[in-house]
Structures are given as C-alpha cells and as structure tokens.
Amino acid sequence: MNRLAEAPTPATTAARGVSVEFEHVHQSFLHGDRPVRVLDDFNLHIEPSEFVAIVGPSGCGKTTALGMVGNLLRPRSGSVRIDGTEVTPGSNDAAFLFARDALLPWRSVRNNVELGMEVRGVSKVERRERADAWLRRVRLHEFADSDVLHLSQGMRQRVAIARTLVQSPRVLLMDEPFAALDAQTRAIQQEEFIRLWESERPTVIFVTHDLEEAILLADRVILMASRPGRMVCDMKIELERPRQQEMRRSSDLFKSYYQEMSERLRAEVDLAEQSMMDESQDA
Ligand SMILES: Nc1ncnc2c1ncn2[C@@H]1O[C@H](COP(=O)(O)OP(=O)(O)OP(=O)(O)O)[C@@H](O)[C@H]1O
C-alpha cells in the first residue's frame, strides 16, 4: 500500500497533544426507573500526544467516556481533566471524529473543511490557505470545489479528517471513525491516518470494536469490561513506527498482542452478553 498522505506543508500548524485524565469517574443512567451503573471508578491517565485505543463489549461505556472528554456530558462523580484543567461547560479543547462524517451536503469540499475555522472566526484568507493545505495532505485538492455528495465514502471521511485536523486539536476523540468503510478503504484510511497523526501528534482517544485496528494504531490499548464499565487491561503497544498494514501478518509482536487481548476481549463480550440475557429474563 503506497497511497500515503503527502508531507506537511508550511501552511499547517502542528498540534501539540496534552494530557487527559479520568480520576475516580462514576456514571450511571436511568433505564426506566432503575439506575444502571455505566462507569465504575474509571481511572485513566493519558500522556500528552499519546494514542490510546479503547476496546470492550458493546455498552461498556466507551462512548460515554469519550463524551466526558468532549464536554458532551459530565461525570456523576470524579473528574475528567484535559491538560490538568477540569472539563467544564464551554471547554472546547477536544475535537470529535465519528463513523458518520456529518459533512454538510450544501457546502463544497473546501467549505466543509473551513467550517470549524469559520465558527472560530478565522479570517477568510487564512481559512482558505489552511483548508487547501490540508486538502493536499489528504489528496483531495483536485476536489476542493466539488460537491461532497459526489464523493465516495472514503473520500468523504478524508474530508472529515481534514476538517478536524485543520483546527489543530490538542485532543482528538475518535468513535469508530472507519467503521462505515469497506475493508480495503478502511485499511488505506488507517495507514493514511497514522501518517497524519505521526506528523501532528495530537493526543488521541480512539474507540473501536476492531482489536487489530487498535493494536495497529495505538500506543496503548485499554480493554474495558461492562456492567459497570471499568478497565480490565492496559497494554502498551511497542510496535515500531511508522506502522504498516503488513505488520498484522509479519510481526510476531503484533500477533502476540492480538492473541493476549483477543482472549480477554472474547471473555468480556461473553460475560456482557450473559448479563444482558439475565437482565432481560429478570425484567
Ligand atoms: N443518555 C443516556 N441515557 C440512558 N442510558 C444511556 C445514555 N447514554 C448511554 N447509555 C447507556 O450506557 C451504557 C453505555 O453506553 P455507551 O454508548 O457508552 O457504550 P459503548 O461501550 O460505547 O457501546 P457501543 O460499543 O455499543 O457503542 C449503555 O447501556 C447505554 O444504553
């Protein structure tokens, strides 16, 4: 695979990652009139510019944890800090990237990339310069004036990546960003994204159901258990960078990480399914 993202250009500003901390975080939601504990004493310290992937059974609280860093919801108790400062209403240090790209269909590719800068009041000249530089980096400069509706799903996701990274976020929150793509496109996007991250180095929290993807991309893989969500494994991934798709097959280290984590993940998924079945029988 050699369709790598282009080298950085002077018009882009390198993002500096900052630390993210969860300290004794608890969260629960009401299901009917019954409170359900979702996160139970969740603790996680992420170093500046670290790439952390979170895997775990469906419903274990991965998206809830991400939402707390992104200021979408507050913990019931405990604290979530970015660069040592509590996340409070109005904080906007973190940017999201989801599986659904959420591009605005009435705006051109370039105008979609400019959107966040527009909201932040960046001048028109600077917006255009930075958007064009990022469109070159994601190999979409020839489509700058195109309608986003005419792009493939993979191209749309590259627009979304450019739109997010052009703002030089200090923390990037990714919730299954490549889940909607076919296998081949997904592999290309993963490799391109690694290149971009390696040059920009924002702190990344990456939620995925795909353990191989987590190992390939991250510096650390956190495995969560459900009901209530808590960390059961924190594995440092010491594969050399830059990383390539071939490592899935060629690296014994990759395979050993996969073997160890997949057994534990499988056990957690089985437990989560069993507990859901028990709950539905009790209901
Ligand atoms: N706003 C809410 N109100 C009520 N329950 C909620 C709310 N948000 C999440 N939950 C519940 O909290 C639990 C954890 O949800 P969350 O989306 O964080 O899990 P997840 O690990 O990201 O799951 P998945 O892998 O399926 O996306 C689930 O049982 C979910 O139904």
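Of all residues in region 161-180, those satisfying the criterion of being in a loop (DSSP other than H, G, I, E, B) and either at pLDDT 90 or above or β-branched (V, I, T) (or both) are V166, Q167, S168, P169, R170, E176, P177, F178, A179. Scanning region 242-279 for residues that are without any contact (Cβ under 8 Å) to a residue 40 or more places away in the chain, open to solvent by 80 Å² or more (accessible area, probe 1.4 Å) and either basic (K, R) or under 25 Å from K62 (Cα atoms) (or both) returns R249, K255, Q259, E260, E263, R266, Q274, M277. Criterion applied to L223, L196, L253 was being closer than 26 Å to V18 by Cβ, among the aliphatic types (A, V, I, L, M) and away from the ligand (no atom under 16 Å from the Cβ), and the one residue passing it is L196. Put simply, of L211, L239 the only residue that is open to solvent by less than 30 Å² (accessible area, probe 1.4 Å) and within 19 Å of the chain's Cα centre (by Cα) is L211. Only one of the numbered conditions (1) modelled with pLDDT of 95 or more; (2) over 30 Å from H31 (Cα atoms); (3) not acidic (D, E) is not met by V80, and that is (2). Among the residues making up region 214-236, those that are open to solvent by less than 10 Å² (accessible area, probe 1.4 Å) and among the aliphatic types (A, V, I, L, M) are A214, I215, L216, L217, A218, V221, I222, L223, M224, A225. If the condition is being farther than 18 Å from A95 by Cα, in a helix (DSSP H, G or I) and in contact with an Asp or Glu (Cβ under 6 Å, 6 or more places away or on another chain), then region 108-135 contributes no residue at all. Scanning region 41-64 for residues that are more than 9 Å from the ligand (Cβ to nearest atom) and either in a loop (DSSP other than H, G, I, E, B) or at positive phi (or both) returns D41, E47, P48, S49, E50.
If only residues of region 68-97 that are buried (at least 19 other Cβ atoms within 10 Å of the Cβ) and within 13 Å of the ligand (Cβ to nearest atom) are counted, the one that is farthest from E213 (Cα to Cα) is P75. Against the numbered list (1) away from the ligand (no atom under 12 Å from the Cβ); (2) aliphatic (A, V, I, L, M); (3) in a strand (DSSP E or B), V38 comes up short only at (1).
Filter region 135-152 for residues that are more than 20 Å from V204 (Cβ to Cβ) and in contact (Cβ under 8 Å) with a residue 40 or more places away in the chain; which is surrounded by the fewest Cβ atoms within 10 Å (Cβ to Cβ)? Ranking the qualifying residues of region 135-152, first place goes to L149.
Does region 116-134 hold any residues that are touching a residue at least 40 places away in the same chain (Cβ under 8 Å) and open to solvent by 80 Å² or more (accessible area, probe 1.4 Å), and which are they? Once the filter is applied, which keeps residues that are touching a residue at least 40 places away in the same chain (Cβ under 8 Å) and open to solvent by 80 Å² or more (accessible area, probe 1.4 Å), region 116-134 yields R120, E129. Does R243 satisfy the criteria of being basic (K, R) and touching a helix residue (DSSP H, G or I) at 6+ places or on another chain (Cβ under 7 Å)? So R243 passes the test. Does G17 satisfy the condition of being within 16 Å of the chain's Cα centre (by Cα), open to solvent by less than 40 Å² (accessible area, probe 1.4 Å), touching a residue at least 12 places away in the same chain (Cβ under 8 Å) and within 16 Å of the ligand (Cβ to nearest atom)? Considered against the rule, which asks whether it is within 16 Å of the chain's Cα centre (by Cα), open to solvent by less than 40 Å² (accessible area, probe 1.4 Å), touching a residue at least 12 places away in the same chain (Cβ under 8 Å) and within 16 Å of the ligand (Cβ to nearest atom), G17 comes out as no.
The values are calculated or read from the model by the stated rules, or taken from the named source; none is laboratory data. What you see is a predicted model, and the numbers here were worked out from it, not measured in a lab. Note that we place each Cβ from the backbone using ideal geometry, even for glycine, and neighbour counts take in every protein chain shown. Only protein heavy atoms, including side chains, enter the accessible area calculation; ligands, DNA and RNA are left aside. Shrake-Rupley method; radii C 1.70, N 1.55, O 1.52, S 1.80 Å.
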